[in-house]
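The values are calculated or read from the model by the stated rules, or taken from the named source; none is laboratory data. Model, not experiment: these values are computed from the prediction. Cβ sites come from the backbone with ideal geometry, for glycine too, and all protein chains shown count toward neighbours.
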Amino acid sequence: MRGRNYTVLIEIPVLLALMGLFYLFLKVMMVWQAPPQAAFRIDLSVRHLPFYALLSVTRILLAYVLSLVFSVSYGYLAAHNRTAEKIMIPILDVLQSIPVLSFLPGVMIAVTSLFPNHQFGVELASIVLIFTGQVWNIAFGFYLSLKTIPNTLLETAKALNLTRWQRFVYLEFPFAVPSLVWNSMLGVAGGWFFLMACEMFVLGNRDFRLLGIGSYLQTAASRGDLPAIFYGIATMVIVIVLMDLLLWKPLVAYADKFKFEETSGAESHESFVLQLLIRSKILGVIKEGFARLTNAIADALPERKPVKREPVLNPRIVSKLFYVVFAVVLAAFGYYIVENLYRVGASGLVMLLKYDGFSFSRVIVSIGIACAWAVPVGVAIGMRPKLTKILQPVIQVAASVPATALFPVILMVIIQYGGGLETGAIFLMLFGTQWYILFNVIAGANAIPRTYREVAKSYNLSGIYQWRYFILPSIFPYLLSGLITAWGGAWNATIVAEYTRFGGKILSIPGLGSLITKATNEGNLTLLISATAVMAITVMLFNKFVWKRLYMMAEEKFKLG
């Protein structure tokens, strides 16, 4: 009798959750199926916040699913194809540094033209913009994990004659899970950071304003409504805490099953929600029914005998054709960029380079400050499993709360005590960089093999020697992943750090970020493309002379095993 009551207690919340998800799905579909309406009226009444939060969470999660599929596919291809890697990684380096607003014109034109008669077009455009704010660190983390798999494990897989699929399922993906989970949490946090810019934006003479908690906070900030800002942030914190409880903690606990024995020095994580889902008979029936359906479809398909066919084209010809197509596309983009730079003129180009220098200095300063505290704190947390379990939810909440919402209030305090927007911009960019470094360092320290820790302990390494010969070499691939994504995050954050609105006033400082924001608001595509091109060129040069060399160092000198 007690067992039956216990089963009922498990099934009731699962059944209610399924019914609630279905109801929420219908509510969201009603909004998306409505006729297109770019500029919704944002009501700052507190009673609208739950519905706004629902719409924002839907966009965040859909963007995350898109990011996950892209990251695994892109990272796997780049890690296993040397030819593609030479092109894909530099492209990824550049794309992760391009601000969200630079994607805005192309995304809006392309996506809304596909769904001209439904609100879904504008919604999908917002989801794609959120995707551009959260995908890059996930892709980089997965790629670097595949590139730094210990040689002993690779040799074992080769000795067992594993197929590519078996090696991916049983070795590569499980090895990448720690980095993937932590970077997923951080990627979603990045989505929250840029949510305000992705739900409410101006493109020329068109004002796009979607219902959501991001547009609510931006409206409250532009009006200087401090109580509304407080209520919006409080709602966002509640949503983030619930997401951590219902999504991230179960994922972290589930990921423990993929840990390798040699790196499993950390304690296992626990999740009440995960246990509830595993023991639920309702979900078991749904899972079994889905499996039967897929098997029935597979059995119904006609069997086809494999036919050996000679390849139509030689692989070398295909490879060369790819390079030719890529070169043609690159040349077309190059011509388009040069044409816009020519329109800007010599004086405009000098201004762009000057503004580029301002933004570059802020990026370097913010990353330096972030490293100074995030590396030691991340190592201290990651090497203490109990501390990780306690602080991970706190860090997740802190990283997810967009500093852009608090920025107007913080800026008022800074100005009151003698600072200005220059100090405030670095402060805001710091919030756009530090979490990338902290999360990756925690994941790296948490993944240090137990045997390595025991060896370091037996040699009595301490102080600077422990950092030089044990800690930094062990976490270097993860730290590199964090630095690269922090670099891109800092450039991305310039659009909100160098240009802000509060109480009906516009505050800005010289920089590429403020220039891109102004160009987007005015619909000046020539200036927008030119400023983005200068930023991309700066990123490419830095990648060539800094990140590329560090990539080689991580792959050759700092592999585990």
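The table below gives the values:
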{"read-out": "Residues within the range 226-256 that are farther than 30 Å from D43 by Cα and either out of contact with any Ser or Thr (no Cβ under 9 Å at 6 or more places or on another chain) or outside any helix (DSSP H, G or I) (or both), tallied", "value": "1"}
{"read-out": "In the range 433-486, residue nearest to I98 (Cα to Cα) [restricted to those that are surrounded by 15 or more Cβ atoms within 10 Å (Cβ to Cβ) and out of contact with any helix residue (DSSP H, G or I) (no Cβ under 8 Å at 6 or more places or on another chain)]", "value": "P473"}
{"read-out": "One residue from L171, L186 being at pLDDT below 80 and part of a helix (DSSP H, G or I)", "value": "L186"}
{"read-out": "Contacts under 7 angstrom Cβ, first residue in the range 70-89 being more than 10 Å from F142 (Cα to Cα), partner at pLDDT below 80 and surrounded by fewer than 15 Cβ atoms within 10 Å (Cβ to Cβ), 6 or more apart", "value": "T83/S319; I87/F326"}
{"read-out": "Whichever residue in the range 208-254 is aromatic (F, W, Y) and over 20 Å from the mean Cα position of the chain (by Cα) and, among such residues, is nearest to W182 (Cα to Cα)", "value": "Y254"}
{"read-out": "Residue in the range 202-212 that is of a type outside the set (S, T, N, Q) and crowded, with 24+ Cβ neighbours inside 10 Å present", "value": "yes"}
{"read-out": "Selection count where residues are at pLDDT 70 or above and over 16 Å from N137 (Cα atoms), scope the range 417-446", "value": "14"}
{"read-out": "Qualifying residue in the range 354-368 (condition: farther than 24 Å from A519 by Cβ, in contact with a Ser or Thr (Cβ under 7 Å, 6 or more places away or on another chain) and modelled with pLDDT of 90 or more)", "value": "yes"}
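Listed here are the residues, each with its yes/no results for (1) part of a helix (DSSP H, G or I); (2) under 23 Å from F476 (Cα atoms); (3) among the small types (G, A, S).
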position	(1), (2), (3)
V128	yes, no, no
F131	yes, no, no
T152	yes, yes, no
S215	yes, no, yes
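Yes/no matrix, rows are residues, columns are (1) under 24 Å from G432 (Cβ atoms); (2) in a helix (DSSP H, G or I):
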| site | (1), (2) |
| --- | --- |
| R59 | yes, yes |
| V65 | yes, yes |
| L68 | yes, yes |
| S73 | no, yes |
| L77 | no, yes |
| E85 | no, yes |
| M88 | no, yes |
| L92 | yes, yes |
| I98 | yes, no |
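Condition check ((1) assigned to a helix (DSSP H, G or I); (2) farther than 30 Å from L430 by Cα; (3) at pLDDT below 75) across all residues:
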{"residue": "L293", "(1), (2), (3)": "yes, yes, yes"}
{"residue": "I297", "(1), (2), (3)": "yes, yes, yes"}
{"residue": "K320", "(1), (2), (3)": "yes, yes, yes"}
{"residue": "L349", "(1), (2), (3)": "yes, no, no"}
{"residue": "A370", "(1), (2), (3)": "yes, no, no"}
{"residue": "K389", "(1), (2), (3)": "yes, no, yes"}
{"residue": "I395", "(1), (2), (3)": "yes, no, no"}
{"residue": "A399", "(1), (2), (3)": "yes, no, yes"}
